[in-house]
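The values are calculated or read from the model by the stated rules, or taken from the named source; none is laboratory data. Only a predicted model underlies this, so the values are computations on that prediction, with no experimental measurement involved. Positions of Cβ are generated from backbone atoms using ideal geometry, with glycine treated the same way; all protein chains shown enter the neighbour counts. Ligands, DNA and RNA are stripped out before the accessible areas are found, and what is left, the full protein with its side chains, is counted by its heavy atoms. Shrake-Rupley method; radii C 1.70, N 1.55, O 1.52, S 1.80 Å.
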Amino acid sequence: MSADLIRIVSRDSPMALAQVERVRAELAELHPGTRTEVVPVKTTGDKWMGDLGAVEGKGAFTKEVDAALLAGEADLAVHCVKDIPADRPLPAGTVFAAFLRRDDIRDALIHPGGLRLDELPPGTRIGTSSVRRSAQLAASHPHLLCVPMRGNANRRLEKLAAGEADALLLAASGLERIGRPDVITEILSPEVMCPPIGAGVLALQCREGDSDLIDAVSGLGDPAAHRETTAERMFLHVLQGHCNSPIAGYAQVERNGDMSLRAKVFTPDGKTVLNAHEWAGPLDPATLGTSVAVALLRQGARELIDGIAH
């Protein structure tokens with residue numbers, strides 16, 4: 001491969017930097033002798049601790065990273081797919097070069113007293129700013145109270161220790177990445193807490209003209225993660241979901257290659273839950289994503305999503 005130095009741009013949070021280390025390690029294995037360096041940037045989403053809807057929603061975590069890539073200050077960006085907006089295209093001039101093998105998609109409960117979700121007493125304060133999590137808790141555990149909490153996982157653990165909440169919900173994969181699986185009290189099944197679109201998948205993004213680099217990093221891609229992510233992002237794109245939309249869902253490729261997509265749209269109070277689950281066999285992932293979105297639109301998803309301020 002011709003590029004002997006790959007500059008990797010990333011958010012400067014501990015988790016984002018841990019994700020970059022995974023990419024560097026996999027690149028070193030695939031292309032020994034290639035040098036990598038990290039270009040950390042602080043994003044609007046990391047600096048702003050208020051409601052994400054006020055700062056372009058999820059794009060708040062990707063805008064500065066995209067800018068560094070397009071300005072030629074870096075060659076490769078590492079993103080969590082769940083943070084990349086699907087209601088608009090990738091920035092012009094950039095492409096996804098690979099989706100890495102998927103990590104755990106599930107949510108984890110952290111309760112200092114070791115209680116499981118079903119054991120939490122009424123009024124327990126759950127720290128989360130995710131509308132997806134709070135809508136599902138409102139539907140399944142209406143006696144629990146969600147309190148807004150932003151910040152990276154380490155920061156949220158500090159806030160929990162300081163008594164700002166009684167328990168937390170965080171991504172299991174994120175806690176693994178920062179080396180803190182020890183704090184997990186219970187891993188929630190996707191049936192109990194449906195994951196966000198793109199959960200557990202890291203995407204590598206390049207400038208579209210950098211064909212040597214795209215060829216070099218495409219070997220890190222995982223075919224199942226590529227199919228699942230394509231279906232999920234097309235689903236979200238057709239729904240035009242935004243960061244304040246309580247939308248959840250996940251695609252799964254079975255051992256035989258058949259794929260399914262299960263998805264839900266909620267009202268924020270959890271009182272209305274729309275469900276769809278379809279199989280595509282070996283069909284095109286984008287068609288599956290579109291079909292599941294249409295199934296939810298038939299049930300009134302458009303009105304639910306448009307009725308939520310963003």
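Please give the length that would be gained between residue 5 and residue 140 if that part of the chain were fully extended, namely 0.36 nm times their separation in residues minus their C-alpha to C-alpha distance (nm, one decimal).
Details: separation 135, 0.36 × 135 = 48.60 nm, distance 4.99 nm.
Gain in length upon complete extension: 43.6 nm.
Rank 139, 25, 153 by mean-square fluctuation in a GNM of the chain with C-alpha springs under 10 angstrom and give only the top-ranked residue.
Residue with maximal mean-square fluctuation among 139, 25, 153: 25.
When ranked by the protection proxy of mean other Cβ atoms within 10 Å per residue, highest first, what sequence do the peptides 9-17, 185-193 form? Walk me through the intermediate numbers first.
Numbers: 9-17: 21.1, 185-193: 15.7.
Peptide ranking by packing, descending: 9-17, 185-193.
Run the quick spin-label model on residue 258 and residue 184: label points 7 Å from Cα toward the beta carbon, then report their separation in nm to one decimal.
Using points 7 Å along Cα→Cβ, the separation is 2.8 nm.
Taking amide H positions as placed in the peptide plane 1.01 Å from N, state which residues far from residue 127 in sequence (5 or more) or on other chains have amide H under 5 Å from it.
147, 166, 167, 168, 169
For the residue pair residue 12 and residue 35, what label-to-label distance in nm results when each label sits 7 Å from Cα along the Cα-to-beta-carbon direction?
So the label points at residue 12 and residue 35 sit 2.3 nm apart.
Anyone know which of 40, 196, 246 comes out most mobile in the 10 Å Cα GNM of the chain?
Looking only at 40, 196, 246, the largest GNM fluctuation is found for 40.
Rounded if a/c is under 1.5, else prolate if a/b beats b/c, else oblate: with a ≥ b ≥ c from the C-alpha gyration tensor eigenvalues square-rooted, which is region 136-190? Intermediate values should be presented prior to the final figure.
Working: a/c = 2.10, a/b = 1.25, b/c = 1.68.
Taking the square roots of the gyration eigenvalues as a ≥ b ≥ c, region 136-190 is oblate.
If you filter region 227-260 for GluC sites (Glu not before Pro), then keep DSSP loop positions with at most 16 other Cβ within 10 Å, what is left? Don't jump to the answer; show the numbers that get you there.
Numbers: sites: 228, 232, 254; in loops: 254.
Passing sites in region 227-260 are 254.
Rounded, prolate or oblate, given the Cα gyration tensor of region 229-274, with a/c below 1.5 counting as rounded?
oblate
Send over a whole-number figure in Å² for the accessible area per residue of region 168-310, probe 1.4 Å. All intermediate terms of the calculation are to be shown ahead of the outcome.
On the way: 5870 Å² over 143 residues.
Averaged over the residues of region 168-310, the accessible area is 41 Å².
Suppose every K and R has +1 on its Cβ and every D and E has -1 on its Cβ; what is the size of the dipole of region 139-221 about the Cα centre, in Debye to the nearest 20? Write out the running numbers ahead of the final one.
Details: 7 positive and 11 negative charges, 69 e Å.
Approximately 340 debye in magnitude.
List, in order, the whole-Hz ³J(HN,Hα) value for each residue of region 65-77 obtained from phi through the Karplus relation with A = 6.51, B = -1.76, C = 1.60 and θ = phi - 60°; use x for Gly and Pro.
Coupling constants for region 65-77: 5, 4, 4, 5, 5, 5, 7, x, 7, 8, 10, 9, 10 Hz.
State, to one decimal in nm, how far the label point of residue 164 lies from the label point of residue 101, with both points 7 Å from Cα in the Cβ direction.
3.6
Express in nm, to one decimal, how much length is gained between residue 308 and residue 147 on full extension, taking 0.36 nm for each residue of separation and deducting their alpha carbon distance.
Details: separation 161, 0.36 × 161 = 57.96 nm, distance 1.89 nm.
So the extension gain works out to 56.1 nm.
Quick check: at a probe of 1.4 Å, how many percent of the accessible area of region 211-278 sits on carbon and sulfur atoms?
Details: 1290 of 2780 Å².
Solvent-exposed carbon and sulfur of region 211-278 make up 46 percent of the total.
Cross-link candidates for residue 42: which lysines have Cα within less than 26 Å, leaving aside residues fewer than 8 places away along the same chain?
Leaving aside lysines fewer than 8 places away in the same chain, those within reach of residue 42 are 58, 63, 82, 159.
Contour minus end-to-end for residue 299 and residue 269, with contour as 0.36 nm per residue of separation and end-to-end as the Cα-Cα distance? List each step's numbers first, then the result.
Working: separation 30, 0.36 × 30 = 10.80 nm, distance 1.77 nm.
My answer for the length gained is 9.0 nm.
Whole-Hz Karplus ³J(HN,Hα) for region 232-239, in order, using 6.51 cos²θ - 1.76 cosθ + 1.60 and θ = phi - 60°, x for Gly and Pro?
Each residue's phi maps through the Karplus curve to give 5, 6, 5, 4, 5, 5, 5, 6 Hz.
State the percentage of accessible surface on region 86-161 attributable to carbon and sulfur atoms; use a 1.4 Å probe and exclude ligands, DNA and RNA.
On the way: 1830 of 3400 Å².
Carbon-and-sulfur percentage of accessible area, whole number: 54.
Can you compute the helix-only [θ] at 222 nm over the chain? Use -39500 (n - 2.57) per DSSP H run of at least 4 residues, normalise by all residues, nearest 500 deg cm²/dmol. Spell out each step's value before the answer.
Values: 10 runs with 99 residues, N = 310.
Estimated from H runs of four or more residues: -9500 deg cm²/dmol.
Report the trypsin sites (Lys or Arg not before Pro) located in region 172-270 that are in a DSSP loop and have at most 15 other Cβ atoms inside 10 Å of their Cβ, or state none.
On the way: sites: 177, 207, 227, 233, 255, 262, 264; in loops: 255.
For trypsin sites (Lys or Arg not before Pro) across region 172-270 that sit outside H, G, I, E and B with at most 15 neighbouring Cβ atoms in 10 Å, the list reads 255.
Nearest-5 percent of antiparallel DSSP beta bridges in the chain? Display every interim value, and only then the final one.
Numbers: 32 of 46 bridges.
Given both bridge residues lie in the chain, the antiparallel proportion sits at roughly 70 percent.
Between 289, 114, 33, where does the largest GNM mean-square fluctuation fall for the chain, given springs only between Cα atoms within less than 10 Å?
33
For region 149-303, rounded, prolate or oblate, judged on the Cα gyration tensor with a ≥ b ≥ c (square roots of eigenvalues), a/c < 1.5 rounded, else prolate if a/b > b/c? The partial results should precede the final answer.
Details: a/c = 1.86, a/b = 1.16, b/c = 1.60.
Oblate is the answer for region 149-303, as a/c is 1.5 or above yet b/c matches or exceeds a/b.
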